[in-house]
Structures are given as structure tokens and as C-alpha cells.
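Right, one structure below, let's go through it.
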Amino acid sequence: MALSNAERQRRHRERQKQKLAAAAPDLAAQYENVGADLREKLYTLIEAENARRGRYVTGRPVEQTDFRRVILDIALNENRSGIADAARMVLLQALCMGESSEKEILEARRHKEALAARKTENREVKEQVTPLVHYVRVPNFG
């Protein structure tokens, strides 16, 4: 009896899961540890920023940075928390897993910003006002 395509795919997925479980039995625990380590680094960064702000207290209350604000800053590409750039670097280093150094990441950012600046300069040069093509045509009253 021939197996259906769905049944073959299901069996294949099961075999792949078994191979993965045999090769790396604690993979889920490793991912959990990486996530916990990353959270810990971000919380340490936030606590250090809040402590720094607390040292320079004047007569007004200090605005505390929280984890949600930092995550929103990263997602929206803003820096209201004051530490979003450092938090982005922590995340990028975790994602790179040693493949790229901080220096390479910063160089890639500078290159991207320079390329974007050149594009805006080129746009300004190209944005000269010219009449639209359909206004330039001469009507045929023949």
C-alpha cells in the first residue's frame, strides 16, 4: 500500500526530530540558557544606566529605564532610553555568536550610513523640476 504524501512528510519530520534529539539531547536547554544569558546582560545594562542616572540626581525625580522601553527602542530604531545602541550591540553579538566582532558591526553600520548619505545627495541633484512628458507633447489638431 502506498503512503500518502502527507504521511511521508510526517514520518520524515519524525525521523528528523529523532536525529536531532540523538545529536543534541539538550538543545532546548541550550536555547533557554542563551535566552536567559541575553536577558541577564540586558538587565545588567539597564541597571547600570539607572544607577548612573541616580548619581546625578538634582531636585527632580529620575526617569527610570525599564526593559520594555529598551526593547521598544530597539524595535523602533530609537534611543529614548539612552542605552538602546549598547543593547543593540549586545543583541547583535549574541546573534553573530562570535562570527563578527563589534568592530566589524560598527564598520558595517558606518558603511551603510555613508551609502544612505550618498543616495540622498544623488536624489537632491536628480530632483530638478522638469515638465511632465504629457505636457511637453504638441497636440495634433489636424
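The values are calculated or read from the model by the stated rules, or taken from the named source; none is laboratory data. These figures come from a predicted structure and were not determined experimentally. Note that we place each Cβ from the backbone using ideal geometry, even for glycine, and neighbour counts take in every protein chain shown. Remember, those area values only see protein heavy atoms, side chains included, never the ligands or the DNA or RNA. Shrake-Rupley method; radii C 1.70, N 1.55, O 1.52, S 1.80 Å.
Name the GluC sites (Glu not before Pro) in the range 86-117 that are in a loop by DSSP and that have at most 13 other C-beta atoms within 10 Å, would you?
Glu99
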Quiz item: If you rank Tyr43, Tyr56 by how much accessible surface each has, with a 1.4 Å probe, what is the order from largest down?
Solution: Tyr56, Tyr43
Quiz item: For the range 46-101, which whole-number percentage of the solvent-accessible area (1.4 Å probe, protein heavy atoms only) is attributable to carbon and sulfur atoms?
Solution: 55 percent
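How many Å² of accessible area per residue for the range 13-123, probe 1.4 Å? Numbers along the way, then the final one.
Values: 8760 Å² over 111 residues.
With all protein chains present, the range 13-123 gives 79 Å² per residue.
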Quiz item: Going from most exposed to least, what order do His12, His111 have by accessible area with a 1.4 Å probe?
Solution: His111, His12
Exercise. Express the C-alpha Rg of the range 13-123 as a ratio against the empirical globular expectation 2.2 N^0.38 Å, rounded to two decimals.
Key: 1.48
Practice problem: Using a 1.4 Å probe and counting only protein heavy atoms, arrange Arg8, Arg52 so the residue with the most accessible area comes first. | Solution: Arg8, Arg52
